[in-house]
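Shown next, in structure tokens, is the structure this report addresses.
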Amino acid sequence: MTLRIGVVGTGQMGRYHVERLAGGVSDAEVVAVSDVYVEGAKQVAEQVGARAYADGHELVADDQVEAVLIASPGFTHEEFTLACLAADKPVLCEKPLAPAIDACLRVLEAEAAKPRRLVQVGFMRRYDDGFRALKAAADAGRVGRPLLLHCRHRNADVPSGFTSDMMITDSVVHDIDVTRWLLGQEVLAATVYKARRSSLAPEGLADPQMVLLETSEGVLVDVESFVNCQFGYDIRYELVGETGTLSLGETAGVQARQEGRWSGPIPADYRERFGDAYQAELCEWVNGVLRGEVTGPSAWDGYATTAVAEAAVQSQTKGDRVAVELVDRPALYG
Ligand code: ISE
């Protein structure tokens with residue numbers, strides 16, 4: 001059996017997903033792509049033998065399209081996700097589910113009225129071998145009850161136009177999602193501290209920042225977001241429990257010891273660091289949909305993460321702790 005997929009958005013992430021679906025995911029076929037820049041959509045369509053649309057809604061309505069992957073800009077996610085729900089088509093939506101809480105709630109409401117989940121949000125770290133091993137060790141109680149979580153999220157640099165609030169909504173959202181997933185707890189408050197500004201950060205960007213999250217069971221989580229660290233893409237985690245610590249640090253790759261020094265590779269960016277995780281995410285999504293189920297990060301996860309991110313963005317300007325208020329979790333999300 002093959003799943004016929006339509007991809008909305010053929011910018012950087014859309015192309016990345018199309019290449020992976022076409023090249024490395026068995027049982028998947030990209031049959032349509034769309035982009036407001038239709039020339040770009042046509043180029044991608046030609047490479048994989050798909051149809052090209054200028055309007056994502058036409059793609060969703062295409063009878064040949066059985067499932068949809070949304071990789072268009074965040075502010076369009078709500079309308080396309082709602083269209084997929086109206087058409088009863090499973091959808092993998094890149095993060096964020098939507099940039100605003102109200103928009104996320106409209107998606108939750110539409111999906112909660114369905115008999116089964118159709119929406120998955122693209123939090124790909126949950127598919128990374130290292131993060132999975134960290135969660136398995138934490139869940140097995142290897143270090144007792146979790147007390148603290150230290151997260152480091154460093155990018156070598158970011159595209160021009162990247163703003164201080166995007167450090168939260170585009171980058172730290174992953175750490176918010178990992179926190180909730182790893183600990184199985186909601187985040188109830190966020191406080192952001194701006195550090196001394198790196199002279200290498202573009203004018204106006206408050207880089208680096210520290211984000212302090214407080215969870216429902218009192219775990220304190222600190223996230224360093226540093227998006228102009230210069231040296232590579234550096235993701236590190238340390239969970240501190242009552243009897244020990246669990247760390248996720250260096251990535252796979254050969255470590256060399258020679259001439260009195262040791263060294264190893266640092267990934268250039270998130271596509272290199274999380275390439276395998278993106279691949280696993282797509283494979284598991286396709287296989288799940290073919291079996292008739294969607295099991296990855298849910299619309300509830302997308303909503304809760306946006307709610308925490310919004311609180312953190314408010315804290316950036318207020319300079320204060322901001323509490324997170326969540327609605328009741330609909331029964332569909334367990
Ligand atoms: C990017 O959009 C991502 O999703 C990456 O995982 C993250 O590390 C990066 O900071 C974001 O810009």
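The values are calculated or read from the model by the stated rules, or taken from the named source; none is laboratory data. Here the structure is a predicted model, which is why all the values come from computation and not from measurement. Note: ideal-geometry Cβ built from the backbone for every residue, glycine included; neighbour counts use all protein chains shown. Surface areas here come from the heavy atoms of the whole protein model, side chains and all, with no ligands, DNA or RNA. Shrake-Rupley method; radii C 1.70, N 1.55, O 1.52, S 1.80 Å.
Across q = 0.21, 0.34 Å⁻¹, the stretch 6-49 modelled as identical point scatterers on its alpha-carbon atoms has Debye log10 I(q)/I(0) values of -0.56, -1.36, in the order of the q list. For the chain, relative contact order (Cα pairs under 8 Å, six or more residues apart, normalised by length) works out to 20 percent. Near S298, the amide H atoms lying under 5 Å from its own belong to V121; only residues 5 or more places off or on other chains count, and H is placed 1.01 Å from N.
Couplings for the stretch 286-293, taken from phi via the Karplus curve 6.51 cos²θ - 1.76 cosθ + 1.60 with θ = phi - 60°, read 4, 4, x, 4, 5, 7, x, 9 Hz in order; Gly and Pro are left as x. Beta-bridge orientation, the chain: approximately 55 percent antiparallel, per DSSP, counting only bridges with both partners inside.
Amide hydrogen proximity for G232: with H placed 1.01 Å from N in the peptide plane, the residues at 5 or more positions away or on another chain lying under 5 Å are A156. Positive end of the dipole of the chain (Cβ unit charges, origin at the Cα centre): among V38, F75, F123, the Cα lying farthest that way belongs to F123. Taking only alpha carbon atoms, the stretch 76-122 gives an Rg to Rh ratio of 0.91, where Rh is the Kirkwood radius.
Computed over the stretch 225-309, relative contact order equals 19 percent, with contacts defined as Cα pairs under 8 Å that lie 6+ residues apart.
Ordered by 1.4 Å accessible area with all protein chains kept, L183, L332 run largest first as L332, L183.
Backbone phi angles across the stretch 91-96, fed through the Karplus curve with coefficients 6.51, -1.76 and 1.60 (θ = phi - 60°), yield HN-Hα couplings of 9, 9, 9, 4, 6, x Hz in residue order; Gly and Pro are listed as x.
When the convex hull of its Cα atoms is viewed from all sides, the stretch 1-121 shows a mean projected area of 6.8 nm². Pairwise alpha-carbon distances in the chain exceed 25 Å for 53% of all pairs.
Between 0 and 90 degrees, the angle of helix 299-318 with respect to the longest Cα principal axis of the chain falls at about 50 degrees. For the stretch 87-238, the orientation-averaged shadow of the C-alpha convex hull comes to 10.9 nm² (one quarter of the hull surface). Looking at the chain, the accessible area is 45 square angstrom per residue; that uses a 1.4 Å probe and ignores ligands, DNA and RNA.
Extending 7 Å from Cα along the Cβ direction at D139 and again at H57 yields two label points whose distance is 4.1 nm.
The modelled label-to-label distance for the pair Q255/A189, using points 7 Å beyond Cα in the direction of Cβ, is 3.9 nm. The aspartates and glutamates within cross-link reach of K89, meaning a Cα-to-Cα straight distance under 12 Å and a gap of 8 or more places when in the same chain, are D62, D63, E66, E111, E293.
Work out the FRET efficiency for V36 and E242 from their Cβ-Cβ distance, taking R0 = 41 Å, and round it to the nearest 0.05. It comes to 0.20.
Relative contact order of the stretch 152-276, taken over Cα pairs closer than 8 Å and 6 or more residues apart, is 27 percent. Rounded to whole numbers, the Karplus 3J(HN,Hα) couplings from phi for the stretch 105-116 are 5, 5, 5, 4, 4, 5, 6, 4, 7, 8, x, 8 Hz, using 6.51 cos²θ - 1.76 cosθ + 1.60 with θ = phi - 60°, and x at Gly and Pro. Scanning the chain for GluC sites (Glu not before Pro) that sit in a DSSP loop and have at most 10 other Cβ atoms within 10 Å, the longest stretch containing none of them is 1-202.
The ellipsoid that matches the Cα gyration tensor of the stretch 250-316 has semi-axes, each √(5λ) in whole angstrom, of 34, 23, 7, with the longest given first. Pairs exceeding 29 Å between alpha-carbon atoms, taken from K42/K114; K42/K95; K95/K318: K42/K114. Residues I70, I101 ordered from highest to lowest accessible area at a 1.4 Å probe: I101, I70.
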